[in-house]
Amino acid sequence: MVGIATEQVLVVHYVLYRLGSCVPVTKLRKVLFLCDCNVVKRLGRRPFFTWVKYLYGPYSREVEAVVEYLVAEGCVVREV
């Protein structure tokens, strides 16, 4: 789990659990971005992920790394 914080894995795992099965990655990214905005606004703490403004919405390499980690661990299945 090099470069991935346990906190990040837990956040992604929890959001996936709450959203249910078959969540598109784009939707996951957007929900995680909104969660991060709420964390900053309500709790006044730093966000879980570093976000970049992208053509189709917010993007974080850290989210991609966590998703790939969860796929490798067998916790998540990436459908084509």
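Go through the residues of the range 40-48 one by one and say whether even a single one is surrounded by 11 or more Cβ atoms within 10 Å (Cβ to Cβ) and within 13 Å of the chain's Cα centre (by Cα). Walk me through how you get there before you give the answer.
Applying the first criterion (surrounded by 11 or more Cβ atoms within 10 Å (Cβ to Cβ)) to the range 40-48 yields 40, 47-48.
Filter once more, keeping what is within 13 Å of the chain's Cα centre (by Cα): 47-48.
Yes - at least one qualifying residue is present in the range 40-48.
Scan the range 68-79 and tell me whether some residue there is in contact with a strand residue (DSSP E or B) (Cβ under 6 Å, 6 or more places away or on another chain), of a type in the set (Phe, Trp, Tyr) and surrounded by 15 or more Cβ atoms within 10 Å (Cβ to Cβ). Within the range 68-79, not a single residue is in contact with a strand residue (DSSP E or B) (Cβ under 6 Å, 6 or more places away or on another chain), of a type in the set (Phe, Trp, Tyr) and surrounded by 15 or more Cβ atoms within 10 Å (Cβ to Cβ). Counting residues in the range 1-10 that are crowded, with 17+ Cβ neighbours inside 10 Å and within 13 Å of the chain's Cα centre (by Cα) gives one or more.
We did not get these values from a lab; they are worked out from the coordinates using the rules stated. Predicted model, so just to flag it, every value in this text is computed and none were measured. As a convention, Cβ positions derive from the backbone with ideal geometry for all residues, glycine included, and neighbour counts pool all protein chains shown.
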